[in-house]
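This report concerns only the one structure given below.
The values are calculated or read from the model by the stated rules, or taken from the named source; none is laboratory data. Quick caveat, the model's predicted, so the values are computed rather than measured. When we count neighbours, we look across all protein chains shown, and the Cβ atoms used for this are built from the backbone with ideal geometry, even at glycine. All accessible areas refer to the heavy atoms of the entire protein, side chains included, with ligands and DNA or RNA removed. Shrake-Rupley method; radii C 1.70, N 1.55, O 1.52, S 1.80 Å.
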Amino acid sequence: MSNFISLWQAAITFGTVILFGALGELITQKSGNLNLGTPGIVYLGGIGSLAGAFIYENTAANPNSVVGVIVALVCAIIASALGGLVYAFLTITLRANQNVTGLTLTIFGSGVANFFGGSLNKLAGGVGQISVGITSSGFRAVTPLSNLGLPGKLFFSYGFLTYAAILLAILASVFFNRTRKGLNLRAVGESPATADATGISVSRYKYVATCVGAAITGLGGVFYTMNYVKGTWANDGTMESLGWLALALVIFSSWKSLNVIWGSYLFGILYWLYFYIGGLSRYSQELFKMLPYVVTIVVLVVSSMRQKKENTGPAALGLSYFREER
């Protein structure tokens, strides 16, 4: 039972990072933009929150965890939204190739984050010395419901961002299916020329969706930095791998935000399953680590064979729109 609880909690933790990343990318892709820079934006969100919390805790006379949480979130949202803005400007205004721009953003985001992460470590006194424990404690605070035995451990022993991620996914589903602006956004992703002809500002919807999506994606980096590594900086590449899983999850979920919820935690379980199976060799562990990607490929193949419209992405996904060519 203890192994099951540990696996469940690890799945929720890593699944929340993936959930934020996938939800942000889903919003971006609904507008027709394919942003392969998700891992880089996760990095930007993580380092933005850490830098903001570090500066606050080292300048305030009496640092407060609530203020630290607010500062970290604001800095993370600004940093990740700026990453989305750069992508939007290059692909929408300058008409750069979306795939190349996204991959470049991943390299840029990871490089910038690890550079500043190393710099913050030096400012804190040496490699691995940085710690924003006060702010991190605010993110990791749990409610008294966590003391309710097994149900408390399984469902109520996580920071507030875990529940915020689920709520955002539900709200996104309502937005896409029940609101005028959500339907307009879907129209832009399906046929920007048709949407433009009806008076919808294609560029504006693409810009807003890309920047908002990036801001939500960056919250995955905040959760990893503040909840999982507890306010320190880790450059072991885990954030990047979770960012790629978030991209895969968008396909796995058939571009439906409610599917992203359970899919993210399934990916979290698959990501850590090898650790809780005894007797595995190192090579066997590496094979088990491939499970999330293998499952995604299988789902993609099955969905392609069924050829159902509701299981496919926006028709104009990855295609730049030039109004002059309408």
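Key figures for this structure:
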quantity	calculated
Residue that is nearest to LEU7 (Cα to Cα) [pool: residues in the stretch 244-264 that are of a type in the set (Ser, Thr, Tyr) and buried (at least 20 other Cβ atoms within 10 Å of the Cβ)]	SER264
Candidate set: the stretch 191-217, residues that are assigned to a helix (DSSP H, G or I) and over 23 Å from the mean Cα position of the chain (by Cα); chosen: the one surrounded by the fewest Cβ atoms within 10 Å (Cβ to Cβ)	ALA197
Number of the condition not met by LEU36 [criteria: (1) part of a helix (DSSP H, G or I); (2) within 16 Å of GLY243 (Cα to Cα); (3) not β-branched (Val, Ile, Thr)]	(1)
Condition met for VAL17 (open to solvent by 20 Å² or more (accessible area, probe 1.4 Å) and either within 27 Å of TRP272 (Cβ to Cβ) or not polar (S, T, N, Q) (or both))	no
Evaluation of SER31 against (1) surrounded by fewer than 24 Cβ atoms within 10 Å (Cβ to Cβ); (2) over 17 Å from VAL222 (Cα atoms); (3) in contact (Cβ under 8 Å) with a residue 40 or more places away in the chain (one fails), failing number	(1)
The one condition in (1) over 26 Å from ARG323 (Cα atoms); (2) assigned to a helix (DSSP H, G or I); (3) open to solvent by 50 Å² or more (accessible area, probe 1.4 Å); (4) not small (Gly, Ala, Ser) that ASN99 fails to fulfil	(1)
Index of the failed condition, ILE55 passing every other in (1) of a type outside the set (D, E, K, R); (2) free of Cβ contacts under 8 Å to residues at least 60 places away in the same chain; (3) within 30 Å of ASN184 (Cβ to Cβ)	(3)
Criterion (over 29 Å from LEU36 (Cβ atoms), surrounded by 14 or more Cβ atoms within 10 Å (Cβ to Cβ) and within 20 Å of the chain's Cα centre (by Cα)) met by exactly one of PHE156, PHE160, PHE139	PHE160
One residue from SER131, SER146 being in a loop (DSSP other than H, G, I, E, B) and over 25 Å from LEU23 (Cα atoms)	SER131
